[in-house]
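Enquirer: One structure, pasted below without further comment.
Read-outs: derived from the displayed coordinates by stated rules, not from any lab. Not measured: the values here are computed from a predicted model. Neighbour counts are summed over all protein chains in view; Cβ atoms, including those assigned to glycine, are modelled from backbone coordinates with ideal geometry.
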Amino acid sequence: MPWLFAVTMFVSATLLFLIQPMIAKMILPLLGGTPAVWNTCMVFFQAALLAGYAYAHAMTTWLGTRRQVLLHTVLIFLPLVVLPIGLVSGWVPPDNSNPIPWLLGLLTVSIGLPFFVLSSSAPLLQKWFANTDHPSAKDPYFLYAASNLGSMLALLSYPTLVEPWLPLKALHWFSQSYLWAFGYVLLVILLLYCARVVWRAQPKAGVAPPKRLASSSKSAITEVEALAPTTWQCLHWIGLALVPSSLMLGVTTFITLDIAAVPLFWVIPLALYLLSFIIVFAWWPPIMHKIMILAMPLVVLLLVFATTAEVRLSIGPKILLHLLAFFMVAMVCHGELAKTRPAPRYLTMFYLFMSLGGVLGGLFNALIAPLVFSTVLEYQLAIVFGCLLLPSVVPGGKTWISQFFPDSLAVPVSIALDVVLAVVLGVAALTIIQFLAGPGLNAPWSAEAQKWARQRLEWVCTRDGKFDNDMYGRLESVIMFGLPTLLCYAYVVRPLRFGLSVAALLLVGAIWDASKHSTSEVVHQERSFFGVLRVEHSTYNTIFDVYTLLHGTTLHGEQIRSPDLQDQPLTYYYKTGPIGQAFASFQGKYAKKNIALIGLGTGTMACYSEPGRQLTFYDIDPAVVRIAQNPKYFTYWQDCRPTPDLILGDARLKLEHAANKQYDVILLDAFSSDAIPIHLITREAIELYFRKLTDNGVLMVHISNRYLDLEPVLGNLAENLDLFTLLLSDEIGEDEGGGAGKRPSKWVILARRREDLGELREAPRGTHGWRQAKTNPKVGIWTDDFSNVLRVMDW
């Protein structure tokens, strides 16, 4: 009997967590491929899970077992009406308003019913099993491990087995949508077998009146009442579930914001989240939980040190460190949930409050934080709250100060002492930084003392008469942040003191980071559905004002505000760079008069507007448009004539409505931070672009990226579509004498024929000249149903 229930829960969870990346991938192209799509989807998934748990709790509370079986048997057949899974037609995302309500509505009508039914399975099946006479029914929580095992395997198999081999929503049966429907039919059969077992189980004899507990008072209480969860315990469950949920979305945002919004990078944090549930609910030994409690602070402090000291790590180790810290926090919080789980009588209540915590964490990250914070502050807050929830390693929670005060004062005094010591740690860390790097922080130290300290560090970093600047930087970081971090670990015996100290270190790190950028001033910062935008003001040669737009950590444009220079394109669009060479060749018989530009940035490309040439910008983010058109920051849009056109919305969707053969050039530069909206560089997207291009039109794609090599992606697509390519990697920036404000860039041009490239086809070849884009069979042909980011990642 346990195997039947375990297999049913396994299949249910597998379907539940396969549908999540499936539906999110279907929605991604509608919203520009932003990572926020996944966080919003997670809020819906958690809310639907909460609704399923509430249904299971209400039904098992108010109905007898046989009535539960009858009602749920009817319910499980309803989703068959909406299969196979897919997006409802006719839903178009809004162009000028927040798309979150629209997205939540689309998810509700597309998968709401089957997701709700699947969500109710885990608590309901455990409750049914607890009502049988099987010996294991006394503690049915082991079935939760089987459920989470199915969830984790589904998530891990999606990017490795399902996505690369199965089309997403093809019309024939061998697609993800149809195979998921077949899996649901299998689940219905298994659920009917479970219902049959419960129905045929011998009804229990009348429950004996609960025993009375011995009590000297007149008001004795029952065993059931004594075991009932208290309000504080329920709030504690909510908190223990909230923090890992929020942290999961925070680390997901960190990973996807600068790389790619693809299911692979969504499912890894979620799989670790589920793995922690599997481990702690599957007979997890108490000693292992204690080890996790002791190890978690070490990993968290390592992450804090690496973040505040800005330790230089490649992308692979950096991601692993963040994932490890998240996993340790999840193990501790979920371990406490498993440790404090109630008797089976309160099973559905336990899952209800646990699910409520998960929903609150998701709501905080996806809905509240973008409105309240202008940066991704919720990630650091989740780390701090995870430290605050760390179980105390002091037996009974007693401290040395308790012996000097009566019980009524011991707790408040201990809390006050925790706050004071955390502040002391923050001040000590800031003092050390001021001593070593005082000028940027207006430190009170004498120049002689600072000079002496720097000379000692320089002496340590000098070998055989040669000064090692890298070693000096590392040693300085270790002293500035390493010593306070070690002191912070001494506070681990008191979770409140430890959590507040971690917050103090993160605050000091933010102050230090701001001081290093004292040459620039943040004049505007806002956060939209598509990311964090920041405008910085600085000076060039202490004479001219310079305004810079950053999206996340990536430069998206720059302008020197000088009458002689403010109409000059800078950064990746310099006239001596690849884009300048290309536009210089669009003259005479090779003239390109109608040009579409996907991605606005600061509006720099408006400088290439000229009489007889019309530019049309496509951009999905209204915040970017507001910044680019605000003359307080950038004036490209106002200064360059003729004024370009602007179409707001996802470029691929909007181009569908453009006339065929309308444009002579389509220029694609729509990447947010270093993340790539994959749906803009698939075979279907390239085919769309060339339908909108004239017979001799060309497609230009900006592929500069810190983490991904997109050259073979476009090379393979061009080979598959019989297109000609040219690539130029311009490595000359301002520092190499390329000119004020110039940045290296890498572009690929695709055309139907070599002749369509005009004068560029005669450009010099070689390392720094135009050449054909390379291909790589291992990368494959990227389509709307398939992409392989791992093959193009520079770890």
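Enquirer: What list of ³J(HN,Hα) values in whole Hz, one per residue of the stretch 682-689 in order, does the Karplus curve 6.51 cos²θ - 1.76 cosθ + 1.60 (θ = phi - 60°) give from phi, with Gly and Pro shown as x?
Expert: Listing the rounded values in order: 9, 4, 5, 5, 4, 4, 4, 4 Hz.
Enquirer: Fully extended, how many nm does the chain gain between Asn720 and Ala584 (0.36 nm per residue separation, minus their Cα-Cα distance)? Provide the component values of the computation, followed by the final result.
Expert: On the way: separation 136, 0.36 × 136 = 48.96 nm, distance 2.94 nm.
Working it through step by step, the gained length comes to 46.0 nm.
Enquirer: If you take every residue apart from Pro286 with its C-beta less than 14 Å away from the C-beta of Pro286, what net charge results, scoring Lys and Arg +1 and Asp and Glu -1? Provide the component values of the computation, followed by the final result.
Expert: Numbers: positive: Lys290, Lys339, Arg341; negative: Glu336.
Once all neighbours under 14 Å are counted, the net charge is +2.
Enquirer: Could you check what % of the DSSP bridge pairs in the chain are antiparallel, to the nearest 5? Intermediate values should be presented prior to the final figure.
Expert: Working: 41 of 61 bridges.
Given both bridge residues lie in the chain, the antiparallel proportion sits at roughly 65 percent.
Enquirer: With r defined as the distance between the Cβ atoms of Met288 and Leu507 and R0 fixed at 22 Å, what FRET efficiency is calculated, to the nearest 0.05?
Expert: On the way: r = 33 Å, r/R0 = 1.52.
That gives a FRET efficiency of 0.10.
Enquirer: Work out from phi, with θ = phi - 60° and the Karplus expression 6.51 cos²θ - 1.76 cosθ + 1.60, the ³J(HN,Hα) of each residue of the stretch 414-423, listed in order in whole Hz, and give x for Gly and Pro.
Expert: With the stated coefficients, the stretch 414-423 comes to 5, 5, 4, 5, 4, 5, 4, 5, 5, 5 Hz.
Enquirer: Now a separate question. Rounded to the nearest 500, what is the chain's calculated 222 nm mean residue ellipticity when only DSSP H runs of at least 4 contribute -39500 (n - 2.57) each, over all residues?
Expert: Details: 26 runs with 396 residues, N = 795.
About -16500 deg cm²/dmol.
Enquirer: With the crude spin-label approximation of a point 7 Å out along Cα→Cβ, what separation in nm comes out for Asp695 versus Leu323?
Expert: So the two model labels end up 5.2 nm from each other.
Enquirer: Can you compute the modelled spin-label distance between Ala514 and Glu656, with each label point 7 Å from Cα toward Cβ, in nm?
Expert: Between Ala514 and Glu656, the label points sit 4.5 nm apart.
Enquirer: Expected output is a single nm value to one decimal: the length gained when fully extending between Leu4 and Trp62, i.e. 0.36 nm times separation in residues minus the C-alpha distance. What is it? Could the numbers behind the result be given before it?
Expert: Numbers: separation 58, 0.36 × 58 = 20.88 nm, distance 2.57 nm.
Contour length minus the Cα-Cα distance gives 18.3 nm.
Enquirer: Net charge around Phe544, counting only other residues with Cβ within less than 10 Å of its Cβ (Lys, Arg = +1; Asp, Glu = -1)? The partial results should precede the final answer.
Expert: On the way: positive: Arg561; negative: Asp545, Asp564.
Neighbour charge sum, excluding Phe544 itself: -1.
Enquirer: Within the set of other residues whose C-beta is less than 10 Å from the C-beta of Ile627, count the net charge using Lys and Arg as +1 and Asp and Glu as -1. Before the final figure, lay out the partial values.
Expert: On the way: positive: Arg534, Arg626, Lys632; negative: Glu526, Asp621.
Local charge sum for Ile627: +1.
Enquirer: Give a quick list of trypsin sites (Lys or Arg not before Pro) in the stretch 622-683 that DSSP marks as loop, anything other than H, G, I, E or B, with at most 12 other Cβ atoms within 10 Å. Kindly include the intermediate steps, with their values, before the conclusion.
Expert: Details: sites: Arg626, Lys632, Arg652, Lys654, Lys661, Arg683; in loops: Lys632, Lys661.
Those that pass, being in a loop and sparsely packed, are Lys632.
Enquirer: Separation between the Lys138 and Val523 pseudo-spin-labels, each 7 Å from Cα along Cα→Cβ, expressed in nm?
Expert: Reported label-point gap for Lys138 and Val523 is 7.3 nm.
Enquirer: Where the centroid of each part is defined by its Cα atoms, how far is the stretch 52-91 from the stretch 267-328 in Å?
Expert: Here the answer is 36 Å between Cα centres.
Enquirer: For the chain, what relative contact order do you get, as a whole percent, if you take Cα pairs closer than 8 Å and at least 6 residues apart? Don't jump to the answer; show the numbers that get you there.
Expert: Values: 1295 pairs, mean separation 100.3, N = 795.
Result for the chain is 13 percent.
Enquirer: Further question on the same structure: Mind ordering 152-159, 101-108 by average Cβ neighbours within 10 Å, highest first? Can you show the working numbers first?
Expert: Working: 152-159: 21.6, 101-108: 17.9.
The packing order, highest mean first, is 152-159, 101-108.
Enquirer: If exposed GluC sites (Glu not before Pro) are those in a DSSP loop with at most 16 other Cβ within 10 Å, what is the longest stretch of the chain that has none? Let's see the in-between values first.
Expert: On the way: sites that count: Glu310, Glu656, Glu731.
Of all site-free stretches, the longest is 311-655.
Enquirer: List the pairs from Lys589/Lys778; Lys661/Lys746; Lys632/Lys742; Lys25/Lys742 whose alpha-carbon separation is above 30 Å, in the order I gave them. Let's see the in-between values first.
Expert: Numbers: Lys589/Lys778 40 Å; Lys661/Lys746 27 Å; Lys632/Lys742 22 Å; Lys25/Lys742 36 Å.
Flagged as over cut-off: Lys589/Lys778; Lys25/Lys742.
Enquirer: Convert each backbone phi in the stretch 182-187 into a coupling constant with the Karplus relation 6.51 cos²θ - 1.76 cosθ + 1.60 (shift: θ = phi - 60°), then list the ³J(HN,Hα) values in order as whole Hz, x for Gly and Pro.
Expert: Each residue of the stretch 182-187 in turn: 5, x, 5, 4, 4, 5 Hz.
Enquirer: Follow-up. I need the calculated FRET efficiency for the pair Asp567 and Ile781, taking r as the beta carbon distance and R₀ as 41 Å, to the nearest 0.05. Write down the numbers at each step before the final one.
Expert: Numbers: r = 41 Å, r/R0 = 1.01.
FRET efficiency, Asp567 to Ile781: 0.50.
Enquirer: Could you give the length gained on full extension between Val82 and Leu487, defined as 0.36 nm per residue of separation minus the Cα-Cα distance, in nm?
Expert: Numbers: separation 405, 0.36 × 405 = 145.80 nm, distance 5.82 nm.
Difference between extended and current length: 140.0 nm.
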